[in-house]
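Chemist: Can you read through this structure? Questions will come right after.
The values are calculated or read from the model by the stated rules, or taken from the named source; none is laboratory data. No experiment lies behind these values; they were computed from the predicted model shown. Backbone-built Cβ (ideal geometry, glycine too); neighbour counts: all protein chains shown. Side chains included, ligands, DNA and RNA excluded: accessible areas come from the protein's heavy atoms. Shrake-Rupley method; radii C 1.70, N 1.55, O 1.52, S 1.80 Å.
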Amino acid sequence: MKRSRLAFWIFMAPVLMWLLLLIVLPHLDLLTMSFRGENDYGDAVWTLQNYKNFFTEPIYWLTFVRTALYAIITTMITFVLAMPVSFYIAKLARARSQGALMILLLLPFWVSELVRIYGWMILLRESGVLNFFMLQLGLIDKPIEMLYNDATMIMGLVYTSMLFMVVPLVSVMESLDDSLIEAAHDLGAGQLTIWRTIILPHCKPGITSGAIVVFMLALGNYLTPNLMGGKNSLWFTEQIYNQFIASFNWNQGSAFGFLLLVLSSAIIWAGLKLTGQKLGEVAS
C-alpha cells in the first residue's frame, strides 16, 4: 500500500510542479498586480481602480459584451454544424471508416492555429484562390474583399472550434441504444420527433460540455479576431494584449484578464442553471 502511494506521488509530482509553477503562481502574481496602482506621487499602492476602469469606460465593457455575444453565436453555429457530423460518424458510418473520419477532423489541428488562419486568408483575400476562380468563371467582374468582417471572423472561430464540439457529441452518441431509434421509427415517429425526444435529450451532457469548451475558446481567442476580423472587429483579448504590450500597463492588463475569467465563468454558470445541469454531471 505504501509503495503504491509512493509511486502515485512520484508520477504526480511533475504534474503538480507544472501546475504550481506555470499556472498557479503566475496567476497569483497577476491577481496581486491587478490590485496595484500608482498614486499622484508615483508610489505603488493597493487600489480597485484597475477594475473600476472596466465598468466606467464604455469601450471596455462594451467590447466584452460584444465578444461574449459573438462567442455565443459561434457556439450555436458550431453546435448546429457538429450535430449531423457527429451523428454520421457515431451511427451511420461503418466501423472501419469511423477512425478515418476522426483523423480527418484531427488533421487541421496537427498544425498551429496561425498556419490554419493564414490558410483561410490565402483563400479569401482579394488576390486569393476563391476570387481567382470566380473571376475565371465570370461569376464576378472584380475581386471581392471577403476578409476583415464579422462574418469571416465567426467562420474562422467556428472552424477552429469544430473538433471540440464533435468529440463530446460522438462520445455520447456512441452510448445511445440504436433500438430506441428503431422503435420510434416502427411507431411512426418522424425524423424531427426522434431528434427532439430521443437524440437531443441523450446528447445533453455532450452538448453542454462541448458548448462550454467552444465558448471559452472563442471568448479567449486572439489570433482569429485579430487576423480575420481586422481593425474594426473589437475583441476583448485584444484589449488585454494592448494593455500588456502596447501600453505596458501590466496592472490594468491583469485586471482585465481576471475579469475575463470571472465574467466568462459567470456566463457558463448561468447557462448551466438555465439548462438544469450540474458541472459535475457534464464533466463526467
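Chemist: Could you go through the range 202-223 and let me know if any residue there is charged (D, E, K, R), open to solvent by 20 Å² or more (accessible area, probe 1.4 Å), in contact (Cβ under 8 Å) with a residue 60 or more places away in the chain and assigned to a helix (DSSP H, G or I). Spell out how you get there, then give the answer.
Modeler: From the range 202-223, those charged (D, E, K, R) are 204; that's our starting set.
Checking the rest, the ones that are also open to solvent by 20 Å² or more (accessible area, probe 1.4 Å) come to 204.
When the remaining residues are screened for being in contact (Cβ under 8 Å) with a residue 60 or more places away in the chain, the result is 204.
With the extra rule that they be assigned to a helix (DSSP H, G or I), the set shrinks to 204.
Yes: one or more hits.
Chemist: Can you say whether Ser171 is within 13 Å of the chain's Cα centre (by Cα), in a helix (DSSP H, G or I) and modelled with pLDDT of 90 or more, as far as the supplied structure shows?
Modeler: Criteria not met by Ser171.
Chemist: Looking at the range 6-45 only, could you name the residues that are at pLDDT below 80 and part of a helix (DSSP H, G or I)?
Modeler: Leu6, Ala7, Phe8
Chemist: Only one of Leu180, Leu176, Leu187 is open to solvent by less than 20 Å² (accessible area, probe 1.4 Å) and either of a type outside the set (D, E, K, R) or in contact with a strand residue (DSSP E or B) (Cβ under 6 Å, 6 or more places away or on another chain) (or both). Can you tell me which?
Modeler: One residue alone meets the criteria, Leu176.
Chemist: Okay, next question. Kindly indicate whether Phe87 is in a helix (DSSP H, G or I) and either within 30 Å of Lys231 (Cα to Cα) or small (Gly, Ala, Ser) (or both).
Modeler: Here the answer is no, as Phe87 does not meet what is asked.
Chemist: Checking Trp269 against (1) under 24 Å from Thr32 (Cα atoms); (2) assigned to a helix (DSSP H, G or I); (3) of a type in the set (Phe, Trp, Tyr); (4) open to solvent by 10 Å² or more (accessible area, probe 1.4 Å), only one condition comes out false. Which one?
Modeler: Result: Trp269 passes all but (1).
Chemist: Report the residue count in the range 247-266 for those that are open to solvent by less than 40 Å² (accessible area, probe 1.4 Å) and outside any helix (DSSP H, G or I).
Modeler: 0
Chemist: Can you confirm whether the range 3-23 contains a residue that is surrounded by fewer than 11 Cβ atoms within 10 Å (Cβ to Cβ), touching a strand residue (DSSP E or B) at 6+ places or on another chain (Cβ under 7 Å) and of a type outside the set (Phe, Trp, Tyr)?
Modeler: Within the range 3-23, not a single residue is surrounded by fewer than 11 Cβ atoms within 10 Å (Cβ to Cβ), touching a strand residue (DSSP E or B) at 6+ places or on another chain (Cβ under 7 Å) and of a type outside the set (Phe, Trp, Tyr).
Chemist: Return the pairs, sorted by first residue and then second, in which the second residue is buried (at least 16 other Cβ atoms within 10 Å of the Cβ), the first residue lies in the range 260-275 and is of a type in the set (Val, Ile, Thr), the beta carbons are less than 6 Å apart, and the residues are 6+ apart or on different chains.
Modeler: Qualifying pairs under 6 Å: Ile268/Ile212.
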